[in-house]
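What follows is calculated from the coordinates using simple rules that are stated; it is not laboratory data. None of these values were measured; they are calculated from a predicted model. Here Cβ is always computed from backbone atoms with ideal geometry, including for glycine, and neighbour counts include all displayed protein chains.
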Amino acid sequence: MKLDPKIPAGPLETKWDRHRFSEKLVSPNNKRRITVIVVGTGLAGASAASTLGQLGYQVECFCFQDSPRRAHSIAAQGGINAAKNYQDDGDSVARLFYDTIKGGDFRSREANVYRLAQVSAQIIDQCVALGVPFAREYGGQLANRSFGGVQVSRTFYCRGQTGQQLLLGAYSALCWQIERGQVTMHPRTEMLDLIVIDGQARGIVVRDLVTGRVSIQTAHAVVLATGGYSNVYYLSTNASGSNVTATYRTWKQGAVFANPCFMQIHPTAIPPGDEHQAKLTLMSESLRNDGRLWVPKMAVDHRPPGDIPAEERDYFLERRYPRFGNLAPRDIASRAVKTVCDEGHGVGPGGQGVYLDFADVIERQGQDVVHERYGNLFDMYNRITGEDAYRVPMRIYPAPHYTMGGLWVDYNLMSTIPGLFVIGEANFADHGANRLGASSLMQGLADGYFILPYTIGHYLATAKLLPVGEDHKESRAALQRVTGRISRLLNAKGRRTAASFHREVGKFLWDHCGMSRNKAGLELALRSIPALREEFWRNVVVPGSGEAFNQELEYAGRVADYLEFAELLCHDALHREESCGAHFREEHQTTDGEPMRDDTCFAHVAAWEYREHAVPILHKEPLAFEFVQPTTRSYQ
Amino acid sequence: MNFTLKIWRQKSPDEKGRFVTYEAHDVGSGMSFLEMLDGVNQGLIAKDEEPVAFEQDCREGICGSCSLVINGIPHGPDRGMSTCQLYMRRFPDGAVITIEPWRARAFPIIKDLVVDRRALDRVMQAGGYVSVNTGGAVDGNVLLIEKDQAETAMDAASCIGCGACVAACKNASAMLFVAAKVSHLALLPQGKPERTRRVKAMLDAMDREGFGSCGNQYECEAVCPKRISVRFIATLNREYLRAGVVESGLPAEPESPHAESA
């Protein structure tokens, strides 16, 4: 298989404009006769479905939640980046492009990232037009704040609820298209397999989560906007429903999976408590604008934070990265937190935590200012821990948060299966080995509002698409794969719950394929996971029936996929013999613990092809840097 | 800590439901209410019994999935939070806790504690949007918006669509939900061109879906996890009145320059 990224030739600045002009269009009369499936209704899915509906396509849109408004984009707190340069602080499309490429540790495509920076400004305008109530200055202009890993203020926000407001904007646009009859919404419906006919993606198999009915939905093209797979770690900041099933089962039908080991661990989550804990709660990165991270200089220091004088505190980010200080990018901050905790300076239960202290800003600007900026986050922290962060510092620890890896797509956001498009977090395209804060919202909406609607048109205008139906043999085969799996899950009738397997595989990955990785650990994981998977199919218990509302059945199906996907993650981490971005191989570090990237051997996208009962095949897409020179990513 | 739970169990929409008593043992005070329920469910699943169906997703109070009536109060005893943000330290050891689903005609029960809230989506589809195409939007700073105005719009826009307001209301009215969306959009210049049509369409849809009318008892505000104020219901009423005046007045055709200036 040859991976052709289909990057248009010519200068970076005009690639997208020229590409759009060279794309074929679908005539308005024909659009009406074309059906497109969109799976997922987060920022990418909702914006794509509404825009495709507005263009005149018939859209069938699916989500497993009870309403499209509940997709996990809703939980994004901090903000959305755009190269508006409203602050006149030196921002530009070129700078946003460079920051994103550098932030991703030179493991993403120049052309994709430049396009993302180009459309970023349009996204803000579109959201304002939809009625998103962005924060404003007293003069009535849009407000900005700065966010981790950059030195300009380009982040737009709605208090600590930016994801919610952007999603409600996209959801409202979707509501309009549903009302107009352009989009048919299928909530509480989960995609369980992909239908590929004559090499083209032509439909999906879905399960109605209320009645349990499994059915076939065919179309001219399929768009996946099904988010990331952080929940493979069991404990993550993701919603409990977020899962890898749609992308993983698509992988098994032939779409290649790119860079699965690029997994963002967010530095500022509330530390884990007891073993019953079901999720880790994120504290927005924006807190690092005003909060200072520190640990006691003395190891195993049990004094209350207020009793530790300034000279006995180690403000470790400010010490190690004086230029960026507490705003160092996520991967770097997370690893620095892990290092001080591993060295015994961690605070709180189990020594898994560092302080995030607001005393200085409260003294400088007053509690009211802090309340206005972060009030809801302080409330959330108080509810969970019972502590008042206005008086004592917060305690935070890193947590799995976002996946840069995903299904491989070309410049047109099309996967290796023609007619299968992948957008938002579900694809791998724009963030390289590490994503900068406030860039996921930007990418989701860029893909959905402004990129996919163009590129899918060209495919639909040029591909030869024969009529297909539910009775096609490939449709029947896909349906059988799904019903077969469901009955296997229900008939195992063992003794262990799906959650117990999920917790075990998650812990295993966290220990051996988490914030730092090494060969021995990864090989151990690869030896151990198959045995756990085998036990799962023999010993899992799923009560109830398949023909009814059955939440445990939904969950067990997702856990079964994690048990396979975990292996792919480890294969990728094992292959990548370098440290870059969020991927830190202990064998590849400098004497002061900084990562060592290897551009000679690893300046490529690692794209894995499924093989039944065998190690997946690795394909490489070389990354050419024509416009920026990869440098050592230094934030010191 | 140990608790006795009286949980509403109902196999399907058509079957009769009943309370079933469960014991929750060895619950940590730092556990969330939903983690406590997870524990009960893990015990049931291990015995191959059907777990209690309930909804949850983000577990940080923003997605609006969770929906439990705890000891008679939607989202439980504390103000300004959703069920997922409730922690067991809030309850005395040994307490008896009653757990029920949202109860409203417009929210039929699917199973146990899970209800069908699509009626809220249909109300939104009736008019809870600005009809603007993707592409070609003017620069975001062309229309300046007063900071206070933007903040008030944000207060209204923070509704998470959980439906607690409906569950708390004697009339099962969705007035606070509708008021939040109508106010959010009426406060912003982008929402003004459609405000007349929007308020009528959304209120009509609310009636059609079987939600009752407002009884002015403010139960909705008391249980709202985002503390959305009933003042927005006053805004909604004013918008509705204004729509009536605009529609019954002189020509409201688009070419009239005065149609929207009332």
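Please tell me the relative contact order of the stretch A:563-619 in percent, rounded to the nearest whole number, where contacts are Cα pairs under 8 Å and at least six residues apart.
Relative contact order comes out at 22 percent.
Pull up the cross-link candidates among the aspartates and glutamates for A:Lys519, meaning alpha carbon to alpha carbon under 15 Å and not fewer than 8 places away within one chain.
In chain and number order, the partners are A:Asp511, A:Glu567, A:Asp572, A:Glu577, A:Glu578, A:Glu586, A:Glu587.
How long is chain A along each principal axis, judged by its Cα atoms, biggest number first, in Å?
Each principal axis gives a Cα extent; for chain A these are 74, 60, 48 Å.
At q = 0.23 Å⁻¹, what is the base-10 log of I(q)/I(0) for the stretch A:591-636 according to the Debye formula with one equal point scatterer per Cα and no solvent? Please give it to two decimals.
-0.91
Counting residues in chain B as N, plug N into 2.2 N^0.38 Å and put the Cα Rg over that result.
Compared with the compact-globule rule of thumb, chain B sits at 1.17.
If you rank A:Val39, A:Val206, A:Val128, B:Val40 by fewest surrounding Cβ atoms within 10 Å, what's the result? Before the final figure, lay out each step's value.
On the way: A:Val39 29, A:Val206 23, A:Val128 26, B:Val40 19.
Listing A:Val39, A:Val206, A:Val128, B:Val40 from fewest to most nearby Cβ atoms yields B:Val40, A:Val206, A:Val128, A:Val39.
How big is the charge dipole of the stretch B:3-111 about its Cα centre, in debye rounded to the nearest 20, if each Lys and Arg gets +1 on its Cβ and each Asp and Glu gets -1 on its Cβ?
The calculated dipole for the stretch B:3-111 is roughly 460 debye.
What are the extents of the Cα atoms of the stretch A:1-51 along their three principal axes, in Å, largest first?
Sorted largest first, the three principal extents are 33, 28, 28 Å.
Using DSSP, restrict attention to beta bridges with both residues in chain B and report what percent are antiparallel, rounded to the nearest 5.
On the way: 15 of 20 bridges.
Taking every DSSP beta bridge with both residues in chain B, the antiparallel ones total about 75 percent.
What residues have an amide H closer than 5 Å to that of A:Ala269, excluding those fewer than 5 places away on the same chain, when H is modeled at 1.01 Å from N in the peptide plane?
Close amide H contacts, sequence-distant or interchain: A:Met283, A:Tyr397, A:Ala399.
Using only Cα atoms, what Kirkwood radius does the stretch B:3-111 have, in angstroms?
14.4 Å
In vacuum, with every alpha carbon of the stretch A:323-412 counted as one equal point scatterer, what does the Debye formula give for log10 I(q)/I(0) at q = 0.19, 0.20, 0.25 Å⁻¹? Two decimals, please.
-1.03, -1.10, -1.33
Taking the DSSP beta bridges in the stretch B:3-111 as the whole, what percent of them are antiparallel, to the nearest 5?
Working: 13 of 17 bridges.
Roughly 75 percent of the beta bridges in the stretch B:3-111 run antiparallel, per DSSP.
For all pairs of alpha-carbon atoms in the stretch A:466-531, what percent lies in each bin of width 5 Å, listed from the first bin to the last filled one?
3, 13, 14, 13, 12, 11, 12, 10, 7, 4, 0
Just to confirm the number: angle between the C-alpha axis of helix B:175-187 and the first principal axis of chain B, 0 to 90 degrees, nearest 10?
So the helix axis and the longest Cα principal axis differ by about 40 degrees.
Using only alpha carbon positions, build the gyration tensor of the stretch A:198-241, then give the equivalent ellipsoid semi-axes as the square roots of 5 times its eigenvalues, largest first, whole angstrom.
Taking √(5λ) for each eigenvalue gives 26, 17, 8 Å, largest first.
With θ taken as phi - 60° and the coefficients 6.51, -1.76 and 1.60, list the Karplus ³J(HN,Hα) couplings across the stretch A:367-377 in order, rounded to whole Hz; mark glycine and proline as x.
5, 4, 5, 5, 4, 5, 6, 10, x, 5, 6
Can you work out the Karplus-derived ³J(HN,Hα) for every residue in the stretch A:211-228? Use 6.51 cos²θ - 1.76 cosθ + 1.60 with θ = phi - 60°, whole Hz, and x for glycine or proline.
Once rounded to whole Hz, the list reads 9, x, 5, 9, 9, 10, 10, 9, 6, 8, 7, 10, 10, 9, 9, 9, x, x.
Can you list, bin by bin at 5 Å, the percent of alpha carbon pairs in the stretch A:367-459, starting at 0?
Per 5 Å bin, starting at 0, the Cα pair percentages come out as 3, 11, 18, 14, 11, 10, 10, 9, 7, 5, 2, 0.
Ignore the peptide's own chain and count Cβ atoms of other chains within 10 Å of each Cβ in A:182-194; give me the average, rounded.
1
Pop a pseudo-label 7 angstrom from the Cα along the beta-carbon direction at both B:Arg103 and B:Ser213 and give the gap in nm to one decimal.
So the label points at B:Arg103 and B:Ser213 sit 2.4 nm apart.
Semi-axes, largest first, in whole Å: what does sqrt of 5 times each Cα gyration tensor eigenvalue give for the stretch A:130-246?
Numbers: eigenvalues 248, 80, 42 Å².
Sorted largest first and rounded, they come to 35, 20, 14 Å.
Let me know the whole percent of all Cα-Cα pairs from the stretch B:119-248 that are separated by more than 20 Å.
43 percent
Just to check I understand the Karplus step: with θ = phi - 60° and J = 6.51 cos²θ - 1.76 cosθ + 1.60, what whole-Hz values come out for the stretch A:59-66, glycine and proline as x?
3J(HN,Hα) across the stretch A:59-66, in whole Hz: 10, 10, 10, 10, 8, 7, 6, 6.
What are the aspartates and glutamates whose alpha-carbon lies under 19 Å from the alpha-carbon of B:Lys147, with same-chain residues fewer than 8 places away excluded?
Qualifying aspartates and glutamates at Cα under 19 Å: A:Asp125, A:Glu137, A:Asp368, A:Glu372, B:Asp139, B:Asp155.
From largest to smallest, what semi-axes in whole angstrom does the stretch A:521-600 give when each is the square root of 5 times an eigenvalue of its alpha carbon gyration tensor?
Numbers: eigenvalues 285, 36, 16 Å².
Each semi-axis is √(5λ); the values are 38, 13, 9 Å.
So if I take the alpha carbon set of the stretch B:122-180, get Rg, then get Rh from the Kirkwood formula, what is the Rg over Rh ratio?
With Rg and the Kirkwood Rh in hand, the quotient comes to 1.08.
Taking the Cα centre of chain A as the origin, how large is its charge dipole in debye, to the nearest 20, when only Lys and Arg (+1) and Asp and Glu (-1) carry charge on their Cβ atoms?
Charge dipole, chain A, about its Cα centre: 1480 debye, nearest 20.
Pick out, from A:His575, A:Ala606, A:Gln480, the residue whose Cα sits farthest towards the positive end of the charge dipole of the stretch A:476-622, with +1 on the Cβ of Lys and Arg and -1 on the Cβ of Asp and Glu.
Farthest towards the positive end: A:Gln480.
Partner chain Cβ atoms within 10 Å, averaged over the residues of B:149-157 - can you pull that number for me?
Neighbouring Cβ atoms belonging to other protein chains average 5 per residue here.
So what's the angle, to the nearest 10 degrees on a 0 to 90 scale, between helix A:473-491 and the longest Cα principal axis of chain A?
50 degrees
Under a Cβ-Cβ cut-off of 11 Å, what is the net charge of the residues other than A:Gln365 that fall near it, where Lys and Arg count +1 and Asp and Glu count -1?
Here the count lands on -3.
Mind putting a number on the dipole of the stretch A:476-622 about its Cα centre? Charges go on the C-beta only, +1 for Lys and Arg and -1 for Asp and Glu, and I need it in Debye to the nearest 20. Present the calculation step by step, with values, prior to reporting the outcome.
Values: 20 positive and 23 negative charges, 187 e Å.
So the dipole magnitude of the stretch A:476-622 works out to roughly 900 debye.
Using per-residue counts of other Cβ atoms within 10 Å, averaged over each peptide, order B:18-24, A:412-418 from highest down. Each step should come with its number before you reach the end.
Values: B:18-24: 12.6, A:412-418: 22.1.
Highest-to-lowest ranking by the protection proxy: A:412-418, B:18-24.
Relative contact order of the stretch A:476-622: what whole-number percent is it, with Cα pairs under 8 angstrom and at least 6 residues apart?
Reported as a whole number, the value is 24 percent.
If I take R0 = 56 Å and measure r between the Cβ atoms of A:Arg18 and A:Arg391 in this structure, what FRET efficiency does the formula 1/(1 + (r/R0)^6) give, to the nearest 0.05?
That gives a FRET efficiency of 0.45.
Based only on other Cβ atoms within 10 Å, what is the fewest-to-most ordering of A:His431, A:His186?
Values: A:His431 32, A:His186 18.
Fewest-to-most Cβ neighbours within 10 Å comes out as A:His186, A:His431.
In square nanometres and to one decimal, what's the mean projected area of the convex hull around the Cα atoms of the stretch A:266-399?
If you wrap the Cα atoms of the stretch A:266-399 in a convex hull and average its projections, you get 7.7 nm².
Normalised by the number of residues in chain A, what is the relative contact order in percent for Cα pairs under 8 Å and 6+ residues apart?
Details: 1388 pairs, mean separation 128.0, N = 636.
Relative CO of chain A lands at 20 percent.
Can you give me the long-range amide H partners of B:Cys63? Hydrogens built in the peptide plane at 1.01 Å from N, cutoff under 5 Å, separation of 5 or more residues or another chain.
Result for B:Cys63 returns B:Cys58.
Taking H placed 1.01 Å from N in the peptide plane, check which residues at least 5 places from A:Ala219 or on another chain put their amide H under 5 Å from its amide H.
Residues meeting the criterion, in which the H sits 1.01 Å from N, are A:Gly203.
For chain A, find the longest principal axis of its Cα atoms and tell me its angle to the long axis of helix A:162-179, 0 to 90°, nearest 10.
So the helix axis and the longest Cα principal axis differ by about 20 degrees.
Over 32 Å between C-alpha atoms is what I'm after, so list which of A:Lys493/B:Lys111; B:Lys111/B:Lys170; A:Lys2/A:Lys102; B:Lys16/B:Lys181 land there. Working shown, then result.
Working: A:Lys493/B:Lys111 23 Å; B:Lys111/B:Lys170 23 Å; A:Lys2/A:Lys102 27 Å; B:Lys16/B:Lys181 35 Å.
In this structure, B:Lys16/B:Lys181 lie more than 32 Å apart at Cα.
Using only the alpha-carbon atoms, what does the stretch A:499-636 span along each of its principal axes? Please give whole angstrom values in decreasing order.
58, 31, 28
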